[in-house]
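Structure, as structure tokens:
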Amino acid sequence: MQKSILKEITPLTNGDCFTIFERKKYNFDFPLHYHEEMELNFISNASGARRVVGDHIEEIGNIELVLIGSNLPHVWETHKLDGREIHEVTIQFHKDLFDEKFLRRNQLRVIREMFEKSKCGILFSKETAQLIGPKLVKLNKKHGFDSVLELMSILHDLSTSRNMRTLSDSTFSHAEFSYNSRRVEKVMEYINLNFDKQISLAEVARIANMTEVSFSRFFKTRTGISFIDSLIEIRLGHASRKLIDTTEAVAEVAYNCGFNNISNFNRIFKKKKGCTPKEFRDNLSGNRVFV
């Protein structure tokens, strides 16, 4: 297993419900990583590849479907693949896409229980993968509310399926932090609306009605990361989205997302995502849809 674990900053924004990404390729080249979003991954024709989820490592068969919980390290590795074309469909959705109170309703109980198990990763049976896989392939053909309803239907079918197996003995998840603070929520809302502009610590401290020193300490306690790191992650998320959705030059993407120095943008992007902006764009040349 790789020694370092990359925190992936996905291009899924607060205004999206989920993103679905489909592509065909011949190897797995993304490093061991984790992200806040939950992920449903369907892979076919990849017998001999290796799956790493938390502390679990296993060679996979020809078809599989796995649900990865929030902040759970995972990766698929080429391992013994023999050069055949792999078909991969990945769905990422916010961990709070469904409100906690909503999930506690009787009809949603099984989905809530599945989400709890996903903190260790869930491998669904081959039969379930064969049944659900085609639905995932067709999902990116649906639009708007219909696609959200279809995703809910798929999640319900998965939650009631037989012979699912948890993968990691322990969650291996990075700690999740709840804001539980109106001040932090106001600041995060402001950052998401103004990520393309210059934002200073003094500015957001005023929004929180705190001194800069007090706000810095308070923000890190509530979110687990510093204000600057949080700002960078939000900007990188929007930059990732632009690299996928637009044909803007890398420099243009950088400036439109609040980075005023292209060299600094390239350096931070590679450090945080494990590849250059150009490599990221090239690697995600498949069909990605945001809903």
Bridge type composition, the chain - antiparallel percent by DSSP, nearest 5: 95
The chain - convex hull of the alpha-carbon atoms, volume per residue in Å³: 136
Solvent-accessible area per residue for the stretch 1-55 (1.4 angstrom probe, square angstrom): 39
Förster radius 25 Å - calculated FRET efficiency between residue 63 and residue 279, Cβ distance, rounded to 0.05: 0.30
Helix-derived mean residue ellipticity, 222 nm - over the chain, DSSP H n ≥ 4, -39500 (n - 2.57), to 500: -12500 deg cm²/dmol
Residue 32-residue 206 FRET efficiency (beta carbon distance; Förster radius 45 Å; 0.05 resolution): 0.65
Around residue 113: net Lys/Arg minus Asp/Glu count, Cβ-Cβ under 12 Å: +4
Label-to-label distance, nm, for residues given as residue 85 and residue 126 (7 Å Cα→Cβ offset): 2.4
Karplus (6.51, -1.76, 1.60) ³J(HN,Hα), θ = phi - 60°, over the stretch 7-19, in Hz, Gly and Pro reported as x: 8, 7, 9, 6, x, 6, 9, 5, x, 9, 8, 7, 10
Neighbourhood charge, 11 Å Cβ-Cβ cut-off, centred on residue 160 and excluding it, Lys, Arg +1 and Asp, Glu -1: 0
Accessible area of the stretch 100-235 divided out per residue, in Å², using a probe of 1.4 angstrom: 59
In range of the label at residue 96: residues from the stretch 213-242 whose backbone nitrogen is under 17 Å from the point 7 Å along Cα→Cβ: 219-225, 230-231, 234
Anchor residue 278: lysines whose Cα lies under 22 Å away (excluding residues fewer than 8 positions away in-chain): 7, 24, 25, 242, 270
Nearest-10 value in Å² for the accessible area of residue 17, using the 1.4 Å probe: 40
For the chain, built as a Gaussian network whose Cα springs stay under 10 Å, the top-fluctuating residue of 42, 265, 28: 28
Accessible area (Å², 1.4 Å probe, nearest 10) - residue 186: 90
Surrounding net charge for residue 19, when Lys and Arg each add one and Asp and Glu each subtract one, Cβ distance under 15 Å: -2
Rounded accessible area of residue 160 (nearest 10 Å², 1.4 Å probe): 80
Accessible surface of the chain, 1.4 Å probe, proportion on carbon and sulfur as whole %: 49
Dmax and Rg, reported as Rg then Dmax, of the stretch 7-60 (C-alpha, Å): 13.0, 38
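The values are calculated or read from the model by the stated rules, or taken from the named source; none is laboratory data. No experiment lies behind these values; they were computed from the predicted model shown. Every residue, glycine among them, receives a Cβ derived from its backbone with ideal geometry; neighbour counts consider all protein chains shown. The protein model used for the area step is the full one, side chains on, heavy atoms only, and it has no ligands, DNA or RNA in it. Shrake-Rupley method; radii C 1.70, N 1.55, O 1.52, S 1.80 Å.
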